[in-house]
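Encoded as structure tokens, the structure appears first; notes follow it.
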Amino acid sequence: MRLNLKNPIIFFDLETTGINTAADRIVEISYLKVDLNGNETCRTILVNPEMPIPANATSIHGITDADVKDAPTFNEVAKTLARDFEGCDLAGYNSVRFDIPLLAEEFLRAEVDIDLKKKKFVDVQIIFMKMEPRTLAAAYKFFVGKELEEAHSASADTRATYEVLQAQLDRYPQLENDIGKLADFSSHTRNADFAGRIVYNENDEEIFNFGKYKGKLVREILEKDPGYYGWMMNGDFPLYTKKVLTSIKLRSIKQ
């Protein structure tokens, strides 16, 4: 089924040095841009992460230090990526929990101003897990009827994700062909940040989603326990989480 788009949509996949969204780096990004007429544009970029690629990461995606030694850094490609992503919604496989938070961190480190929170995110994995809990390769076999060749290649995974979403819309009539509705359906929580450390409650107020203050209003905790802000800002939290926390603190001061 052809996607019903209000904005162009970019299906993307990252290969990285690891799974820590705050500390690890991108080594490859592949994205498939679909415009309102269904025209497709593909691009894959190797990225020098400016750190060694661990052997366990290379064993998954096959990218070595030698492969990226002459590749551009993320800082060098960030502005181009931001331009390509401008005005587009985003989709991926496990993107809400991993790819989007890590991409947001990379943009912040590169000091490129792109407001990802304004975009709609469709996570094909979450739709799949709610409908048929399995892996991307199994999803591809189940929905598309073919074996996924070169699994864990960013390019292959990106195209497979696009084809799976189209097939999901064909298979499940209860899924509405609307990116906004699909984004809502494929989300676990309503995150204020990308890592899910701060989420919205039923009143659209930010609350902590971890630790001793889980479920408590962020603005109230920052007032009652001001040292908690310093602890988080000095802790191993993603930059975007710290940005959201600071925004809430500044908003509270102005009130």
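Kindly indicate whether any position in region 247-254 is in a helix (DSSP H, G or I), β-branched (Val, Ile, Thr) and surrounded by fewer than 18 Cβ atoms within 10 Å (Cβ to Cβ). Break it down into steps so the answer makes sense when it comes.
Residues of region 247-254 in a helix (DSSP H, G or I): 247-254.
Now drop any that are not β-branched (Val, Ile, Thr), which leaves 248, 253.
After this cut, where a residue has to be surrounded by fewer than 18 Cβ atoms within 10 Å (Cβ to Cβ) as well, the list is 253.
Looking for residues that are in a helix (DSSP H, G or I), β-branched (Val, Ile, Thr) and surrounded by fewer than 18 Cβ atoms within 10 Å (Cβ to Cβ), one finds at least one in region 247-254, hence yes.
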Report every pair of residues separated by at least 6 positions or lying on different chains whose Cβ atoms are under 6 Å apart, first residue within region 160-189 and modelled with pLDDT of 95 or more and in a helix (DSSP H, G or I), second among the acidic types (Asp, Glu) and crowded, with 16+ Cβ neighbours inside 10 Å. Ile179/Asp89
Checking Ala82 against (1) in contact with a Ser or Thr (Cβ under 9 Å, 6 or more places away or on another chain); (2) in a helix (DSSP H, G or I), which test does it fail? (1)
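Would you call Phe121 more than 17 Å from the chain's Cα centre (by Cα), buried (at least 21 other Cβ atoms within 10 Å of the Cβ) and at pLDDT 90 or above?
no
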Which one of these does Leu217 not meet: (1) in contact with a Lys or Arg (Cβ under 8 Å, 6 or more places away or on another chain); (2) over 18 Å from Leu102 (Cβ atoms); (3) at pLDDT 95 or above? (1)
For a quick check of your reading of the model, give me the residue pairs whose first member lies in region 117-129 and is over 17 Å from Phe142 (Cα atoms) and in contact (Cβ under 8 Å) with a residue 60 or more places away in the chain, whose second is part of a helix (DSSP H, G or I) and of a type in the set (D, E, K, R), with beta-carbon atoms closer than 9 Å and at least 6 apart or on different chains. Lys120/Asp184; Asp123/Arg97
Within region 202-242, count every residue that is in contact (Cβ under 8 Å) with a residue 24 or more places away in the chain and under 24 Å from the mean Cα position of the chain (by Cα). 8
Can Asp193 be described as within 25 Å of Glu105 (Cβ to Cβ), assigned by TED's automatic domain parsing to the domain that holds Leu46 and touching a Ser or Thr at 6+ places or on another chain (Cβ under 8 Å)? no
Check Lys243, Lys181, Lys224 and return the single one that is basic (Lys, Arg), under 28 Å from Ile45 (Cα atoms) and out of contact with any strand residue (DSSP E or B) (no Cβ under 8 Å at 6 or more places or on another chain). Lys243
Restricting to region 103-159, what's the tally of residues that are in contact with a helix residue (DSSP H, G or I) (Cβ under 8 Å, 6 or more places away or on another chain), not in a loop (DSSP other than H, G, I, E, B) and not aliphatic (A, V, I, L, M)? 12
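The values are calculated or read from the model by the stated rules, or taken from the named source; none is laboratory data. Every value quoted in this text rests on a predicted model; they were computed, and no experiment measured them. Cβ: placed from backbone, ideal geometry, glycine included. Neighbour counts: every protein chain shown.
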